[in-house]
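*Asks:* Got a structure for you, written out below as structure tokens; questions coming shortly.
The values are calculated or read from the model by the stated rules, or taken from the named source; none is laboratory data. Everything numeric in this text was worked out from a predicted model, so none of it was measured. Using ideal geometry, Cβ is built from the backbone for each residue, glycine included, and neighbour counts are taken over all protein chains shown.
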Amino acid sequence: MLSIPSYCDEGDDFWNVQPEPLRQRYQLALKSADNVWVLSFADSLDNLAIEDNADKFKYFASSIRGLHFFYKNDSLHFFSTNKKSQKLAKQLGYNSRYYMLMLNEVYFYTNTSYMRQAQEAASKLLDDAKKTGDLNGLRSGYYATAIIFWKKHNYKRAVEYYKKALEYAEKTPETSAKSKAHLYAYIAECYYEQKDYENAIKYSEKGLRVHSKTPLLLVTQARTYYRINDKDKFTEAYNRFKDTRTTNMSIYNLHAPYIDALYFTMNGRFIEALKRCEDISTEKTKYTYLIEVYSKMNDWKMAFSYKDKLERLEDSISNVSFNVELAEMTKEIDSLNQLKKKDEILIRQRSYLILSAVIIVAILICCILGLSRYNAVKKKNKALALCIDKYITSKKMVLKLEGEKYAKQDADEQSRAQQIGKSEIESETKDEEDEVNSSETSKEVESKDDAQIARFIYELSSRELFTDPNFNRDTLLDELHIQKRTFSKKFENYTGSSFKEYITSLRLDYAAKLIKEHPEYTIEAIAMECGINSYVTFHRNFTRHFGIAPSSFRGQ
């Protein structure tokens with residue numbers, strides 16, 4: 001859920017004495033801050049020549065600009081404008097707005113994944129509020145800390161701090177109902193993310209009793225009812241959300257696409273749901289809802305493809321965040337170097353050159369080691385892939401030869417049965433049984449058992465019975481007239497492994513064959529095709545069996 005800045009009600013008395021068109025224009029600017037025209041309106045506020053309230057007009061103009069730059073993700077203009085707004089708010093005595101502007105910095109940092117800076121800004125805000133004892137500041141400080149935990153997916157701790165913020169909001173008379181409702185919305189959203197749907201509905205209802213037209217509350221409520229498959233309640237929440245379009249256009253436009261997608265999905269209108277997903281501005285959210293729609297359509301191939309895209313996107317976001325943190329640390333080091341005294345310039349330059357040389361040498365060593373390691377792993381993977389290929393080919397050859405052998409045995413038995421009569425067969429069988437009972441050695445018994453197990457393995461492999469995840473060996477044992485009671489022991493003596501281990505190896509060999517012959521199949525689809533329903537189990541067993549991951553084997 002994207003963090004959205006909000007404003008307190010201080011200064012409303014100032015707007016109550018202004019002309020109606022100007023007051024309406026200001027309210028519309030707050031609701032539609034992402035539109036370009038609000039910048040022109042802010043310029044017009046700066047130009048109003050009202051001597052007694054000049055600073056107030058400047059403050060509200062600066063606030064509107066900051067809100068616009070927030071929505072446009074313009075960090076340069078947002079921070080410069082926000083600092084100016086903080087200075088004006090302090091001059092005018094707008095304490096709650098001053099702390100809210102500090103909170104907006106935390107919002108911006110978390111929305112752009114600058115988590116270290118967000119944590120520093122939140123700590124600064126909370127420390128300042130504790131020193132002054134300002135209730136508005138404490139509310140904003142706990143609010144900011146909750147946002148940090150939210151972004152780190154620690155929803156349990158986030159709920160604690162959101163509730164503390166709500167506690168101070170209740171103690172502050174000037175806190176608007178809308179601000180309180182937003183706190184209820186974030187608490188409900190935390191419970192939703194923890195799959196505690198009962199509390200999610202409970203707190204969303206509490207928030208709606210405080211402010212019935214809060215889009216964030218209705219969004220969380222609709223998503224919760226969708227998740228518990230309550231169609232009537234979902235439709236009711238959805239319709240109430242649609243009615244908030246005029247309340248806050250910016251928030252409505254942000255959440256409307258995926259709420260519409262859920263509505264169309266629940267009603268079986270999948271084509272419209274897919275089209276609405278394309279309107280979602282954030283790629284991560286878009287992929288999440290596309291997976292949901294395709295899953296409901298039972299199009300698992302597309303669902304898995306978007307799952308892969310989502311995982312790659314999350315990896316890239318993590319890498320970008322790390323690079324940003326590294327760049328920020330480098331900037332801080334450079335700025336500290338610039339603050340040193342002039343008489344230390346030569347020493348600093350020499351130290352910088354030495355440090356640079358060390359870093360370059362270290363980088364070169366790391367590159368050489370990394371390249372050698374990469375080449376070694378690549379050679380190992382190629383060798384493993386070649387061995388697996390030869391192994392699969394040899395198994396095919398063995399299977400073919402065994403098939404010819406058993407076909408010949410079946411043909412000989414059929415020919416023999418035709419040549420002699422039924423009575424002679426019975427007599428001969430009885431004689432053979434007597435002879436076996438009297439003279440058959442333990443070695444001959446073992447040979448007969450091995451032949452039965454070999455025939456069982458052949459039937460299992462040639463007919464690919466192992467690809468069925470619900471395969472029942474007893475059915476095949478009955479078909480081949482093999483005793484079930486002693487089968488497990490005979491099988492383990494013959495193969496050196498248990499039946500479960502052996503059938504797993506057959507499935508993995510079959511998976512390796514599919515990976516080689518069908519590069520267009522996803523790894524998840526291949527896992528299901530070979531009889532293993534869990535992708536995690538398949539990946540672990542494949543790597544253990546062949547010594548190489550499925551994706552690496554495909555790459556070679």
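*Asks:* Pull up segment 171-180, narrow it to residues that are of a type outside the set (D, E, K, R) and surrounded by fewer than 23 Cβ atoms within 10 Å (Cβ to Cβ), then point me to the one that is nearest to Thr224 (Cα to Cα).
*Replies:* Ala177
*Asks:* Of all residues in segment 488-503, which are out of contact with any helix residue (DSSP H, G or I) (no Cβ under 6 Å at 6 or more places or on another chain) and part of a helix (DSSP H, G or I)?
*Replies:* Ser488, Lys489, Glu492, Asn493, Lys500, Glu501
*Asks:* Among the numbered conditions (1) at positive phi; (2) under 31 Å from the mean Cα position of the chain (by Cα); (3) not aromatic (Phe, Trp, Tyr), tell me where Gly133 comes up short.
*Replies:* Unmet for Gly133, out of (1) at positive phi; (2) under 31 Å from the mean Cα position of the chain (by Cα); (3) not aromatic (Phe, Trp, Tyr): (2).
*Asks:* Related question: Check whether at least one residue in segment 161-168 is over 25 Å from Ser212 (Cβ atoms) and surrounded by 19 or more Cβ atoms within 10 Å (Cβ to Cβ), and report yes or no.
*Replies:* Within segment 161-168 (the criterion being over 25 Å from Ser212 (Cβ atoms) and surrounded by 19 or more Cβ atoms within 10 Å (Cβ to Cβ)), the answer is yes, since at least one residue qualifies.
*Asks:* Taking segment 478-501, which residues are within 45 Å of the chain's Cα centre (by Cα) and surrounded by fewer than 18 Cβ atoms within 10 Å (Cβ to Cβ)?
*Replies:* If the condition is that a residue be within 45 Å of the chain's Cα centre (by Cα) and surrounded by fewer than 18 Cβ atoms within 10 Å (Cβ to Cβ), then Ser488, Glu492, Thr495, Gly496, Ser497, Ser498, Phe499, Lys500, Glu501 are the ones that fit.
*Asks:* Another question, if that's okay. Please go through segment 108-121 and pick out each residue that is within 21 Å of the chain's Cα centre (by Cα) and either aliphatic (A, V, I, L, M) or surrounded by fewer than 24 Cβ atoms within 10 Å (Cβ to Cβ) (or both).
*Replies:* Thr110, Asn111, Thr112, Ser113, Tyr114, Met115
*Asks:* Counting only residues that are within 22 Å of the chain's Cα centre (by Cα), give me the helices (runs of 4 or more DSSP H) lying completely in segment 194-288 with at least 2 of them. If you could, list the steps in order and put the result at the bottom.
*Replies:* Working: elements: 197-210, 215-227, 231-242, 249-266, 270-277.
Answer list for segment 194-288: 197-210, 215-227, 249-266, 270-277.
*Asks:* Taking segment 519-556 as the region of interest, how many residues are at positive phi and buried (at least 20 other Cβ atoms within 10 Å of the Cβ)?
*Replies:* 1
*Asks:* Now, a different point. Going by the structure shown, is Ser552 among the polar types (S, T, N, Q), in a helix (DSSP H, G or I), within 29 Å of Met302 (Cα to Cα) and touching a Leu at 6+ places or on another chain (Cβ under 9 Å)? Can you show your working first?
*Replies:* On the way: among the polar types (S, T, N, Q): yes; in a helix (DSSP H, G or I): yes; within 29 Å of Met302 (Cα to Cα): yes; touching a Leu at 6+ places or on another chain (Cβ under 9 Å): yes.
For Ser552, the condition - among the polar types (S, T, N, Q), in a helix (DSSP H, G or I), within 29 Å of Met302 (Cα to Cα) and touching a Leu at 6+ places or on another chain (Cβ under 9 Å) - is met.
*Asks:* Now for a separate question. Taking Cys190 as meeting all but one of (1) surrounded by fewer than 21 Cβ atoms within 10 Å (Cβ to Cβ); (2) in contact (Cβ under 8 Å) with a residue 12 or more places away in the chain; (3) hydrophobic (A, V, I, L, M, F, W, C), write down the number of the exception.
*Replies:* Only one criterion is unmet by Cys190, namely (1).
*Asks:* Ok, one more. Working carefully through the options Thr247, Thr175, find the one that is modelled with pLDDT under 85, of a type in the set (Val, Ile, Thr) and farther than 18 Å from Ile147 by Cβ.
*Replies:* So the residue among Thr247, Thr175 that is modelled with pLDDT under 85, of a type in the set (Val, Ile, Thr) and farther than 18 Å from Ile147 by Cβ is Thr247.
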